[in-house]
Amino acid sequence: MRRSDRTVIFPVYLDSSKTESDGRRIPKSEGVQDPRLNEIVDACARLGLDCIIEANASHPREPTARRGLVRVGEHGNKSALLKKIALLIRQSRTERVEKSKG
């Protein structure tokens, strides 16, 4: 059953180490290296978005890599959403590094 009221986000959409043909959906300069499912969920929570996690799902271009996916509720433009999520993940990683140094 298709859930047209939700947008699917696979980690590969944000992964700067992947090519567009691998499934990356945002510019490499705006992506993040190896985004994890929990980072995407945390970013969605910071944006106040309702999300559903499917941890065992795989992207069609990586059928053996079960990295999961997140289904996000109402949000607007998908490309803009992916860029916001990637930005929040980068900020979160920077904060984590600064806390560990401090």
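Values as computed for the structure displayed
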item: Within the range 27-102, GluC sites (Glu not before Pro) in DSSP loop having at most 12 other beta-carbon neighbours inside 10 Å; result: GLU74
item: DSSP-loop trypsin sites (Lys or Arg not before Pro) across the range 14-102, with at most 15 other Cβ within 10 angstrom; result: ARG36, ARG61, ARG66
item: Cut-off 16 Å (backbone N to label point 7 Å along Cα→Cβ of ARG46), residues of the range 62-101; result: 81-100
item: Antiparallel bridges, percent of DSSP beta bridges restricted to the chain (to nearest 5); result: 90 percent
item: CD proxy at 222 nm, helix term only [per DSSP H run n ≥ 4: -39500 (n - 2.57); per residue of the chain; nearest 500]; result: -11000 deg cm²/dmol
item: Relative contact order for the chain, counting Cα pairs under 8 Å that sit 6 or more residues apart, in percent; result: 30 percent
item: Extended-chain gain in nm, criterion 0.36 nm per residue less alpha-carbon gap, ALA55 and GLN91; result: 10.6 nm
item: Contour excess over end-to-end distance, with Cα ends at ARG36 and SER79 and 0.36 nm allotted per residue; result: 13.6 nm
item: Lysine pair count for the chain [Cα-Cα under 18 Å; pairs on different chains or 8 or more apart]; result: 5
item: Fully extended contour minus Cα-Cα distance, from SER29 to SER100, at 0.36 nm per residue; result: 23.0 nm
item: Cα centroid separation, the range 1-68 to the range 84-102 (Å); result: 18 Å
item: Prolate/oblate/rounded call for the range 7-101, Cα gyration tensor, a/c under 1.5 rounded; result: rounded
item: Dipole magnitude of the chain about its Cα centre (Cβ charges: Lys, Arg +1; Asp, Glu -1), debye to nearest 20; result: 80 debye
item: Nearest 10 degrees, 0 to 90: helix 37-46 Cα axis against the chain principal axis; result: 80 degrees
item: Rounded to whole Hz, the Karplus (6.51, -1.76, 1.60) HN-Hα couplings of the range 76-84, x for glycine and proline; result: x, 6, 5, 4, 5, 4, 4, 5, 5
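Quick note: the coordinates plus some simple rules give every number you see, no bench work behind them. Quick caveat, the model's predicted, so the values are computed rather than measured. Neighbour counts are summed over all protein chains in view; Cβ atoms, including those assigned to glycine, are modelled from backbone coordinates with ideal geometry.
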